[in-house]
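Participant: I am attaching a structure below and will ask some questions about it afterwards.
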Amino acid sequence: DTAVSQTPKYLVTQMGNDKSIKCEQNLGHDTMYWYKQDSKKFLKIMFSYNNKELIINETVPNRFSPKSPDKAHLNLHINSLELGDSAVYFCASSQVGGGYEQYFGPGTRLTVT
Amino acid sequence: QQQVKQSPQSLIVQKGGIPIINCAYENTAFDYFPWYQQFPGKGPALLIAIRPDVSEKKEGRFTISFNKSAKQFSLHIMDSQPGDSATYFCAASNSRSGGYNKLIFGAGTRLAVHP
């Protein structure tokens, strides 16, 4: 059983395009996150949602817009893609007050050409 | 501003060796210190975590040592195996900040265990 799943696994697109990455968790967690892992493997949080409400919004360009239709899903839409957006994007989830362990998805490798 | 500094960047040991990865933090409000393991093409997975009320935590072959006064913590892998070859990340968070666990990650250590 997949706990945190993401689609697609790979995404290759051209500069200027708009793309979305989807994330779903079946753990019953209240909180979901988006992380960006750059080419040097540095992991940085981008957003966090708790029960469909935006909680954490790091310094991320406005071109990135998360959307949470329900607490099991957190999607990431990126407008006007730039070369610097190329990275691996990870979705994660955790339970507030539940030990704080974050469960990560398998990642989406985005390549902007 | 890098709030969690991790070293070394890469590490090579022989099978059975004890690799040690070190992390230092700046924010004294941090009270949760996990280590994550990431294999190529996979997402990070929690390995072991510690809170500052203890100085050491052991789970199987993995041990965290914590020095609150020095604001440092480290991961030791006993009897390392080739299957331990992965990238290891330390992290820190302030679990009291509204209950939402914003993890600040170190830069990662790529470990290779040779047979």
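Participant: Could you work out Rg/(2.2 N^0.38 Å) for the protein assembly as shown, with Rg from alpha carbons only?
Facilitator: Cα Rg divided by the expected 2.2 N^0.38 Å: 1.02.
Participant: Next up: Pairs of alpha-carbon atoms within less than 8 angstrom and 6+ residues apart define the contacts here; what relative contact order does region A:71-113 have, in percent?
Facilitator: Computed over region A:71-113, the figure is 42 percent.
Participant: Using the count of nearby Cβ atoms within 10 Å as a rough guide to exposure, how do A:ASP18, A:ASP85 rank from fewest to most?
Facilitator: Result, fewest neighbours first: A:ASP18, A:ASP85.
Participant: What's the exposure ranking of B:SER69, A:SER65, A:SER93, going from fewest to most Cβ atoms within 10 Å?
Facilitator: Placing the least packed residue first, the sequence is B:SER69, A:SER65, A:SER93.
Participant: Order these by the 10 Å Cβ neighbour count, fewest first: A:ASP30, B:ASP53.
Facilitator: Result, fewest neighbours first: B:ASP53, A:ASP30.
Participant: What net charge is computed for the residues neighbouring B:LYS42, neighbours being all others with C-beta under 13 Å from the C-beta of B:LYS42, Lys and Arg scored +1, Asp and Glu -1?
Facilitator: Net of charged neighbours comes to +3.
Participant: Suppose every K and R has +1 on its Cβ and every D and E has -1 on its Cβ; what is the size of the dipole of chain B about the Cα centre, in Debye to the nearest 20?
Facilitator: Using only the charged Cβ atoms, the result is roughly 120 debye.
Participant: Can you give the relative contact order of chain B as a percent, counting alpha carbon pairs under 8 Å and 6+ residues apart?
Facilitator: So the answer I get is 36 percent.
Participant: Same structure again: Shielding by partners for A:35-41, please: the mean number of other protein chain Cβ atoms within 10 Å of each residue's Cβ.
Facilitator: Average neighbour count from other chains, rounded to a whole number: 3.
Participant: Related question: Over 17 Å, how big is the tail of the calculated P(r) for chain A, in percent of all Cα pairs?
Facilitator: Counting pairs separated by more than 17 Å, the tail of P(r) holds 50 percent.
Participant: In µm²/s, what is D for chain B at 20 °C and 1.002 mPa s, where D = kT/(6 pi eta Rh) by Stokes-Einstein and Rh is the Kirkwood radius from Cα pairs?
Facilitator: Approximately 151 µm²/s, per Stokes-Einstein.
Laboratory data are not the source of any read-out in this text; all were calculated from the coordinates shown. The structure presented is a predicted model; accordingly, all values stated were derived computationally and were not measured. Every residue, glycine as well, gets a Cβ built from its backbone with ideal geometry; the counts of neighbours run over all protein chains shown.
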